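Presented below is the structure to which this report refers.
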Amino acid sequence: MEDLDLANALRGERKTADLLPLEKGFYLQVGTYLTSLEDELAGVNDHFSVEAQIIEDELKSARRSIIKLIDLRMKKIIRRALRRAISGSKAEAPGGMTSEEEEIYIQILSSMTRGRENILAHIARPTTEKPLTGRKDISQEYEAVLMLDSVPTFIGVDGQRYILSKEDVVMLPSVHATNLCKKSLAHKIMIGEVQ
């Protein structure tokens with residue numbers, strides 16, 4: 001495990017805003033590497049020798065580097081999860097993460113999404129409010145859509161709170177139906193199409 005250069009990995013991670021790809025078992029390799037250094041240090045007879053100092057310095061440097069690397073990657077993972085939670089994208093972890101990081105990412109994303117929905121539920125306008133538009137003909141201001149994907153909770157121009165999931169069929173204000181269709185998140189349907 002002598003070829004594990006944590007200082008170089010940290011240097012590379014600092015140079016980019018994206019996560020550098022790591023092997024799934026990277027942290028297990030780091031643990032094995034640190035253990036081997038500790039065993040090597042324990043095997044040195046004279047703890048004040050140059051050999052012992054070199055091994056101890058390498059061990060301290062490796063520990064500092066891995067802690068900084070973990071902290072830096074956690075910040076990037078949190079930012080990525082926040083962007084996904086806001087956009088309402090699927091919870092799949094992006095590539096390049098270790099197994100442990102993927103688990104953290106999915107937990108953070110799930111927690112952020114639920115928390116955001118709870119907050120939005122508290123600030124949503126009551127459903128008894130009048131629509132913001134003055135028209136009376138509902139067929140002109142609402143359209144039926146089939147949801148092709150889930151979207152985050154939002155407040156419509158009519159003051160209603162919408163929680164839309166994939167395969168829902170729903171009547172939406174025309175402006176929202178049009179926007180969702182343009183983004184390929186929904187498909188406009190005629191009421192007769194629904195079976």
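No lab work stands behind these numbers, since they all come straight from the coordinates. Here the structure is a predicted model, which is why all the values come from computation and not from measurement. Note: ideal-geometry Cβ built from the backbone for every residue, glycine included; neighbour counts use all protein chains shown.
Just a few scattered comments:
- Computed P(r) (all Cα pairs; the chain; 10 Å bins; percent): 8, 24, 21, 16, 12, 9, 6, 3, 1, 0
- Charged neighbours of S61, selected by a Cβ distance under 13 Å, balance to +1 (K, R count +1; D, E count -1).
- Value at 222 nm in deg cm²/dmol, rounded to 500, when DSSP H runs of n ≥ 4 in the chain each add -39,500 (n - 2.57): -17500 deg cm²/dmol
- Residue pairs exceeding 22 angstrom between C-alpha atoms, taken from K15/K68; K24/K76; K76/K166; K24/K60; K24/K68: K76/K166; K24/K60.
- Taking the C-alpha atoms only, the angle from helix 99-123 to the longest principal axis of the chain is near 30 degrees.
- With respect to the chain, whose longest principal axis is taken over its alpha-carbon atoms, helix 50-87 is tilted by about 0°.
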